[in-house]
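Derivation of every value follows stated rules applied to the coordinates shown; laboratory data play no part. Keep in mind that what you see is a predicted model, and the values were worked out from it rather than measured. Here the Cβ positions follow ideal geometry from the backbone for every residue, glycine too, while neighbour counts run over all protein chains shown.
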Amino acid sequence: MWDGHLSPGHSGAERPCHVKPDMGRSLPPWIALAVVLAVPAGLRAGKTAPAPVLTVALAVEQQTIAQPFPVRVVLRFHNAGSQPLWLYRHVRDPMDRARTAEVDENNSNATNGGSRLIVHLERAQAPEWSEPPHGIVMASVDMPHPRMVALASGAATTEGAVIALEPGYVASGGNAQPVWGKYELSVSYQASYSNGNALSRDLGIDIWQGEALSNTVEVDLEAAPPSASGIVAGKVTNSTGHPLVYMLVSLSDHESHVLSQIITDLNGEFSFPHLPPGTYWVTARRVAATYETAAYEHTDLGTGATANVHLVLLDQELYQGKQFWHKPVLLRVTSSAGQPLAGVEVEALKTSGDVAETVKGETDETGTAALELMPGRIYISLKRRKCPETDNHVDVAEGDGIDGAILQMDCKAR
């Protein structure tokens, strides 16, 4: 039996950068954009030929946005190169990734990384800003479930995203006033992993890493209409009533479309202003938790009214596997001669205390299967016609980012 360890090449890996978030600030309202990204040459170690070319386009609903409502966009990733590549989904804001990823700096086997979408917002002939315009990609309302997807040459895949934009502010009469109107919007699409080069080299696949700048599009930001005068406010506590700081609170409409997000302040409190009448859902979760902690509450808001919501996060005693943090893991199955094996059924079993989970997948034409697994020891069963069943175990590293291993089977040629 081969014992696959899933954290190669960490001795020279870059250590994660911990960023202290700005607590208590509301994420800006959403807006649409339309961009096309061109990806530079790949960063894989030892590779001299250009990496596969990735283009990313965003489809938008509208370019005129009135606060506080968002615009949902669709990112279309297209592999314009001649080689297949692997992408990390979904894209996230750098601050959201820093909030969610808990990596032990003293653990040399921990991994970190992923994809990020950085928003740039500028205004022609910009005034002297007291606070510059900015944008943020909204976080997942529930605990994120990242995964790796393969893109063959010429293939495309899409994912949804929501971008929040905040206009710039200027000092006026001792106060900061928003500057509404037309702005130029662009984004930087990035992906990097502490062990990405080592995995690409050891697994023999292209894991895309790099940075690309988009073109700019014009958007028109408008203030909330006078009819949007309602407020949804509240507090997040534990079961004993103690306020919980640094909780991610999301406001969604009656169809569960996220509208705005905020981090609770030092009193565990939050507030969403400038809302029209309607039914809203409020969700709170621990942003750095490795297990699901979400609490939900709905409220009906009248014209000019204030709705108060109390969310209680409870400590759970028994968890299901799907409630825990999972990370993308790439398993490449080869013959003893090193040839990739397609069509291998991969079954991964994780057992630890009260947690038990089975995840299944199948290798593609490159012999690779992408599974979402919990960190820790995973038992792997490989099945394929004309091959004896093979049992392995692999160790998925702590931290976020990605992992991978090569597994072998003795098979007859097909």
Calculated from backbone phi, Karplus (6.51, -1.76, 1.60) coupling profile of segment 183-198 in Hz, x at Gly/Pro
10, 9, 10, 8, 9, 10, 9, 9, 8, 7, 9, 4, 10, x, 5, 5
Greater than 18 Å apart at Cα, pairs in Lys235/Lys322; Lys322/Lys360; Lys322/Lys350; Lys327/Lys350
Lys235/Lys322
Contact order relative to length for segment 283-414, counting C-alpha pairs under 8 Å separated by 6 or more residues, stands in percent at 23
Taking the Cα centre of segment 321-409 as the origin, how large is its charge dipole in debye, to the nearest 20, when only Lys and Arg (+1) and Asp and Glu (-1) carry charge on their Cβ atoms?
280
Once R0 is set to 22 Å, what does the formula 1/(1 + (r/R0)^6) return for the Cβ-Cβ distance between Thr358 and Asp315, expressed as a FRET efficiency to the nearest 0.05?
0.25
Starting from the Cα of Thr55, step 7 Å along the direction of its Cβ; do the same at Gln83; then give the gap between the two resulting points in nm.
2.1
May I ask you to derive the relative contact order of segment 230-312, considering only C-alpha pairs under 8 Å and at least 6 residues apart, and to give it as an integer percent?
38
Quick check: residue separation of Ala337 and Asn308 times 0.36 nm, minus the Cα distance between them. What number comes out in nm?
3.9 nm
When a/c reaches 1.5 or more, the comparison of a/b and b/c decides; with that in mind, is segment 327-414 rounded, prolate or oblate per its Cα gyration tensor?
prolate
Stretched out fully, how many nm does the piece from Ala223 to Lys322 gain, at 0.36 nm a residue minus the Cα gap?
31.6 nm
Residue-by-residue Karplus 3J(HN,Hα) for segment 284-289, coefficients 6.51, -1.76, 1.60, Hz, glycine and proline x
10, 8, 6, 5, 10, 6
Label-point separation (nm) for Glu269 and Tyr379, each offset 7 Å from Cα along Cα-to-Cβ?
5.3
